[in-house]
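Report on the following structure.
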Amino acid sequence: MTMRVMKVMDGNSATAEAVRQVNPDVVVVQPITPATPIVEKISSFVANGQMDTEIVDVESGQSAISGCIGASAAGGRVFTASASQGLVSMHEILYITASLRLPIVAGVANRALSAPENLYADHSDAMAERNCGWLQFFCENPQEAYDNLIQAYKVAEHMEVRTPVMVSMDGFLTSHSQENLYIEETGEVNEFVGKFNPVFSLLDSEHPVTVGSNAASDYYFEHKVNQLQGMLEARKVIKEVGREFGDRFGRYYGYFEAYKMEDADRAVVLMGSAAGTAKETVDQLRTQGEKVGLLKLRVFRPFPYQELKETLSHLNSIAILDRSFNPGTPGGPLCNEIKAALYDARQKPLVFPYIYGLGGRDIGVNDIAGIFKEIKEKSEKDEIIFEIKYIGLRD
Amino acid sequence: MMTLKELASREDLFAAGHMLCPGCSIPVILKLVLRATQYPLVTSNATGCLEKGTAHFPRSSWKLNWIHTAVGNAPASMSGITAMYRSLKKQGRLPVQKELKFLVIGGDRATYDSGFQSLSGALARREDFVYLCYDNQMCADTGGQSSSATPIGASTTTTPAGDVLPGKLLSRKNISAVIASHNVPYVAQSAPWIWKDLYRKAEKAFEVFGPAYLNVLSPCPNKWKIPASKTIEVAKLAADTCVWPIYEIKDGTDVTVNYKPKQKLPVTQWLKSQARFKHLLTQENKWIVNKIQEEVDKEWDLLLSLEYKNQNKMRDN
């Protein structure tokens, strides 16, 4: 019998609590709104003897992720947290982390990118890093922030994966909003995650290693394709770990959550905290007899294109809601990749690209209901829209 | 004091067959520094000549644990390594139950410029590592561009001497003084020609607890345009003209000048030895030569006065 407790926590506290339970050997800290409370709480856990991790207090995002690289290559478990400008200042090093196959886990409280400077939620920061080779999980609420962080360690450290994982939640909307959630027993969490097994260690003086060589055109290509293997294996491992997590703790996870999709003819696809609003909208429209559903994507990397194709191709129309700025392309990153996933489906829905919530702009039930109405009308007229529609934008 | 023979008999952790240029000073410096501790070493190496020339997949010159990731982050990367060392040590989980020493290496671009924030941060954290800067006074790895270590008047590919401009117009950054002002336990300047001094300083750097910084002049035959056989000679000329003083600073302020030329030579001797300065030896560029001499004299006098102050302080105690 699991001795779980129900607590009230915001996403940052839930993330810090998961980190306390996993107790990484090294945590690299650096303040960056809205992820700062994660590292503050971890620092306070250490100051009060509630975890015995070594803290490295650095001066920048680039140093934070560089410290993680050194610590991980030294053969232990590592955590850091970041957001927005801090995350994108890690850009150069994030690629290297993934190429070196270091199983680092980072918590991210998604926030818009400058300029103008803005502190509030959108996914532009994580999306700027979507091709750096990290696995990317997105969370709807504090419970998922907690659950995903625990699973992230098990996925990242799986011997066939050995790839870093970024766990994203919406800045303020999730990071600073308190909700009820289950906190599992620390012993159970540790048993689930398991012990860290290093592949090599820079501290092993009896087996010296050269990490981070340069490779010219004769070997670079092989390195990159070998690196991809971890991401490909993660497709299987993410599913296994999600099932195992459910068996142990009662909350099951897959690549995405399909909400009332069984008989739906129209759906909204999105990631993050807006899923709560979308579920409420779906429930309301369902009482009026509308056959609508929601697909909330949890795993953006590896992108589950096969599964998305299977789930979405029979629909009549879908609205894809991106919370990031992707200038000069036909949609947000989520939209473009789903369109690519649907390309070779025999039957496919009409796809309508939307962008919402940049810089923390609210989205409400009325907005999503309006989207469902709009895509119904357009698809009845068989009207294809290539233009991105912006939700809640001032005229 | 070690004899050269004794030093040579120690295991060489830097394998033969690297890809650095003929006459390059870096291997000379490195082989001495690596011999200055008997503890196993972990090395974090910034992007630059040394990294390019020694870790070209599938070969490696390193018989010790070594990591390279980028140009601007070697000290931060090392901070992660030392943190993991402390963490695993206190948990009894070290892979080998041995005391280790930590060495960060960067060229002048990685040290003075791109990695300076990372280095300053690590010094502020009082990380227990030795930082070795091999200072060839330019971005040699990328083909000889100017860095903030490049001396005034030098012709580089980004400050070329032309019909209008006489090479670099700005003086170099005095990095050793900047590092010393972090109040770290040990800062030293040395050069490969004075091997006993370099060896002793490296030994001292590994011994002190906390960050130690070694700034070592590394003449670059290729980009300074000197014969490969003249590396050590030119390095000595830098000390005899006081262009590259050999000194150490303990605890941020206690200066000792370790080499005083019997006869201080004019800077023109140094400038004449390298083709990167040859355009300065004309009448219209004499003002730069004068400026260089002024700057060299000023730094040399300052070092001597600081040493005098330090000696008096020691006498008073």
message: Restricting to the stretch B:251-277, count the residues that are in contact (Cβ under 8 Å) with a residue 12 or more places away in the chain, assigned to a helix (DSSP H, G or I) and surrounded by fewer than 18 Cβ atoms within 10 Å (Cβ to Cβ).
response: 3
- prompt: Quick check: is even one residue across the stretch A:85-106 of a type outside the set (Ser, Thr, Tyr), under 13 Å from the mean Cα position of the chain (by Cα), more than 21 Å from A:Val26 (Cα to Cα) and not in a helix (DSSP H, G or I)?
  reply: no
task: Provide a single number: the residues in the stretch A:181-197 that are assigned to a loop (DSSP other than H, G, I, E, B) and either among the β-branched types (Val, Ile, Thr) or in contact (Cβ under 8 Å) with a residue 40 or more places away in the chain (or both).
output: 5
task: Can you tell me which residue among B:Cys220, B:Cys242 is closer than 30 Å to B:Val164 by Cβ, surrounded by 16 or more Cβ atoms within 10 Å (Cβ to Cβ) and either modelled with pLDDT of 95 or more or not small (Gly, Ala, Ser) (or both)?
output: B:Cys220
statement: Going through the stretch A:198-220 in order, the residues found to be part of a loop (DSSP other than H, G, I, E, B), more than 7 Å from chain B (Cβ to nearest Cβ) and under 30 Å from the mean Cα position of the chain (by Cα) are A:Pro198, A:Val199, A:Phe200
statement: Residue pairs qualifying under the 6 Å Cβ cut-off, at least six apart or on distinct chains, with the first in the stretch B:1-21 being surrounded by 15 or more Cβ atoms within 10 Å (Cβ to Cβ) and the second being part of a loop (DSSP other than H, G, I, E, B), are B:Leu7/B:Arg35; B:Leu13/B:Lys63; B:Leu13/B:Leu64; B:Phe14/B:Ser61; B:His18/B:Ser61
- prompt: Looking at A:Glu140, is it of a type in the set (D, E, K, R), buried (at least 20 other Cβ atoms within 10 Å of the Cβ) and part of a loop (DSSP other than H, G, I, E, B)?
  reply: yes
statement: Quick count over the stretch A:3-59, residues being acidic (Asp, Glu) and more than 14 Å from chain B (Cβ to nearest Cβ), is 3
message: It is to be established whether one or more residues within the stretch A:116-126 are more than 22 Å from A:Asp322 (Cβ to Cβ) and more than 8 Å from every other protein chain (Cβ to nearest Cβ).
response: no
query: Which number in (1) away from chain B (no Cβ under 11 Å); (2) within 18 Å of B:Arg86 (Cα to Cα); (3) of a type in the set (Gly, Ala, Ser) marks the one condition that A:Gly86 misses?
result: (2)
- prompt: So is A:Gly70 outside any loop (DSSP other than H, G, I, E, B) and either more than 13 Å from chain B (Cβ to nearest Cβ) or not hydrophobic (A, V, I, L, M, F, W, C) (or both) or not?
  reply: yes
- prompt: of a type in the set (A, V, I, L, M, F, W, C), more than 16 Å from A:Ile385 (Cβ to Cβ) and in the same structural domain as A:Phe372 (by TED's automatic domain parsing): does that describe A:Leu334?
  reply: yes
- prompt: If you scan the stretch A:208-234, which residues turn out to be closer than 30 Å to A:Glu191 by Cβ and surrounded by fewer than 17 Cβ atoms within 10 Å (Cβ to Cβ)?
  reply: A:Gln229, A:Leu232
query: Taking the stated definitions as given, is B:Gly121 under 30 Å from A:Phe196 (Cα atoms) and either touching a strand residue (DSSP E or B) at 6+ places or on another chain (Cβ under 8 Å) or in a helix (DSSP H, G or I) (or both)?
result: yes
- prompt: Only one of these conditions is not met by B:Pro211: (1) touching an Asp or Glu at 6+ places or on another chain (Cβ under 9 Å); (2) closer than 15 Å to B:Cys21 by Cβ. Which number is it?
  reply: (2)
message: Out of B:Ser44, B:Ser60, I need the residue that is within 7 Å of chain A (Cβ to nearest Cβ), hydroxyl-bearing (Ser, Thr, Tyr) and part of a loop (DSSP other than H, G, I, E, B). Which one?
response: B:Ser60
query: Does at least one position in the stretch A:101-108 carry a residue that is within 14 Å of chain B (Cβ to nearest Cβ), without any contact (Cβ under 8 Å) to a residue 40 or more places away in the chain and small (Gly, Ala, Ser)?
result: no
- prompt: Does A:Glu290 meet the test of being assigned to a loop (DSSP other than H, G, I, E, B) and at negative phi?
  reply: yes
query: Quick check: is even one residue across the stretch A:240-253 basic (Lys, Arg), within 12 Å of chain B (Cβ to nearest Cβ), more than 17 Å from the chain's Cα centre (by Cα) and within 29 Å of A:Met3 (Cα to Cα)?
result: no
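The rows are residues; the columns are (1) without any contact (Cβ under 8 Å) to a residue 60 or more places away in the chain; (2) closer than 25 Å to A:Phe372 by Cα.
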site	(1), (2)
A:Val237	no, no
A:Tyr255	yes, yes
A:Ala258	yes, yes
A:Gly289	yes, yes
A:Lys296	no, yes
message: Suppose we filter the stretch B:65-117 for residues that are at the interface with chain A (Cβ under 7 Å from one of its Cβ atoms) and either on the phi > 0 side of the Ramachandran plot or in contact (Cβ under 8 Å) with a residue 60 or more places away in the chain (or both); how many remain?
response: 1
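The values are calculated or read from the model by the stated rules, or taken from the named source; none is laboratory data. Note that the structure is predicted; figures quoted are calculated from it, not measured. Cβ coordinates were reconstructed from backbone atoms using ideal geometry, including for glycine residues, and neighbour counts include every protein chain displayed.
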